[in-house]
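Structure record follows, encoded as structure tokens.
The values are calculated or read from the model by the stated rules, or taken from the named source; none is laboratory data. These numbers were taken from a predicted model, which means no experiment stands behind them. No Cβ is skipped: glycine too gets one built from the backbone with ideal geometry, and neighbour counts run over all protein chains shown. Side chains are part of the model used for accessible areas, which takes the heavy atoms of the whole protein and leaves out ligands, DNA and RNA. Shrake-Rupley method; radii C 1.70, N 1.55, O 1.52, S 1.80 Å.
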Amino acid sequence: MTKPLSAPLEVGFDYTRSLGPTLSRFMTGLRQRRVTGVRGSDGRVHVPPVEYDPVTAEPLTEHVDVASTGVVRSWSWAAEPLEGQPLSTPFAWALIQLDGADTSLLHAVDAGSAEQMRTGARVRARWAAERVGAITDIECFEISDEPGDPSVPGDEVTMITTPVRLHYTHSASPVESAFLRGLIEGRLLGQRCPACGKVYVPPRPACPTDGVPTTDEVELPDRGTVTTFCIVNVPFLGQRIKPPYVAAYVLLDGADIPFQHLVLGCAADEVRMGMRVEAVWKPREEWGPTMQNIDHFRPSGEPDASFDTYSQHL
């Protein structure tokens, strides 16, 4: 059996949010090399600060500066740091109760080795040289009995942007792998359900209607019909085409399930349900195991399909 295809994938975006008065004060303090908590109705000082009292659920407004030194309450050793973690060398994740606080803060401790870490160890913050108003303004903590750093002035931090990245490896099923290998050759391969006869493109290993394996491979043409569509007018991050443009569901001739792709080659307001379209392939030297081999679909010039021919596939 041919080995299924797999490929590394990355999902990433920058998440921006407003902070509100409590977290704004906390982040502003970090940029000033100062740690600020908040006092609850029971007298406990929460670090990081919470916006609402855990006891009464009322808003909290009494802010309290605490030290950037503290004690390790519990810890776990990270022998092989991952991408995006605070340190590139082995370190400890620790719950640290700062002096003056009653709750613990999760952060990294650069202890050098696991043998140097222990519950009850005294630590101090190692501040970043350039601070922006984020938890990463504390690069990590280090084992020390020295006092904390003095604060310095700065403007209030009201917004924060956090990069989010997810790396993973996707393995395609044998049926999907055959479809992707077909794309390398400029072929569109579907699978037919032996029970109901529906042809799925992209293929599915099993028919969702009958629950049986789709055993018959079917090669389809690169022409089809627009079943429904959306005109994209709003720009967004990562957009490769200037609005307006059309994202449409295209039902290939001989298929029973449409798939989404771009429809270009005409004005956006000329696209309509029933429009006949054909694939525009990228240059062959750019082909790979991806649907992006088809750059877009364009009007084929054929008469529109009748509603009855595609309505059952909406």
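Side notes on the structure shown:
- Rounded to 10°, Cα long-axis angle of helix 174-184 versus longest principal axis of the chain: 70 degrees
- Accessible surface for segment 181-236, divided over its residues, is 51 Å² per residue with a 1.4 Å probe.
- When the square roots of the Cα gyration tensor eigenvalues are ordered a ≥ b ≥ c, the ratio a/c for segment 221-314 is 1.5 or more and a/b does not exceed b/c, which makes its shape oblate.
- For segment 10-99, GluC sites (Glu not before Pro) are listed when DSSP marks them as loop and at most 14 other Cβ atoms sit within 10 Å of their Cβ; the list is 51, 62, 83.
- Dipole check for the chain: with +1 at the C-beta of Lys and Arg, -1 at the C-beta of Asp and Glu, and the Cα centre as origin, the magnitude is about 160 Debye.
- Sites listed here are trypsin sites (Lys or Arg not before Pro) in segment 57-151 whose DSSP assignment is loop and whose Cβ has at most 12 other Cβ atoms within 10 Å: 118.
- Full extension of the chain segment joining residue 115 with residue 259 gains 46.2 nm, where the gain is 0.36 nm per residue of separation less the Cα-Cα distance.
- Positive-end residue of 164, 103, 74, charge dipole of segment 53-164 with Cβ unit charges: 74
- When a 1.4 Å probe is rolled over the protein heavy atoms, the share of accessible surface on the chain that falls to carbon and sulfur comes to 52 percent.
- Gyration tensor (alpha-carbon) shape descriptor, the chain, a/c threshold 1.5: prolate
- For the options 58, 142, 176, a Gaussian network treatment of the chain with springs between C-alpha atoms closer than 10 Å singles out 58 as fluctuating the most.
- When the Gaussian network model of the chain links Cα atoms closer than 10 Å, the mean-square fluctuations of 37, 238, 84 top out at 238.
- Nearest-ten-degree value, helix 20-31 long axis tilted from longest Cα axis of the chain: 70 degrees
- Here's how it looks for residue 297: its modeled amide H is under 5 Å from those of 262, 263, 264, 280, which are all 5 or more places away or on a different chain.
- Theoretical gain in end-to-end length, residue 196 to residue 228 [0.36 nm per residue, Cα-Cα removed]: 9.1 nm
- The value of relative contact order for the chain, using C-alpha pairs under 8 Å at least six residues apart, is 15 percent.
- Charged side chains reduced to their Cβ positions (Lys and Arg at +1, Asp and Glu at -1) give segment 69-228 a dipole of some 720 debye around its Cα centre.
- Farthest towards the positive end of the charge dipole of segment 221-314, among the residues 255, 238, 310, is the Cα of 238, using unit charges on the Cβ of Lys, Arg, Asp and Glu.
- Sites matching GluC sites (Glu not before Pro) across segment 88-140 that sit in DSSP coil, with at most 11 neighbouring C-beta atoms within 10 Å: 130
- Full extension of the chain segment joining residue 79 with residue 11 gains 21.9 nm, where the gain is 0.36 nm per residue of separation less the Cα-Cα distance.
- In range of the label at residue 237: residues from segment 118-140 whose backbone nitrogen is under 15 Å from the point 7 Å along Cα→Cβ: none
- Of 36, 220, 24, farthest towards positive along the dipole that unit charges on Lys, Arg, Asp, Glu beta carbons give the chain: 220
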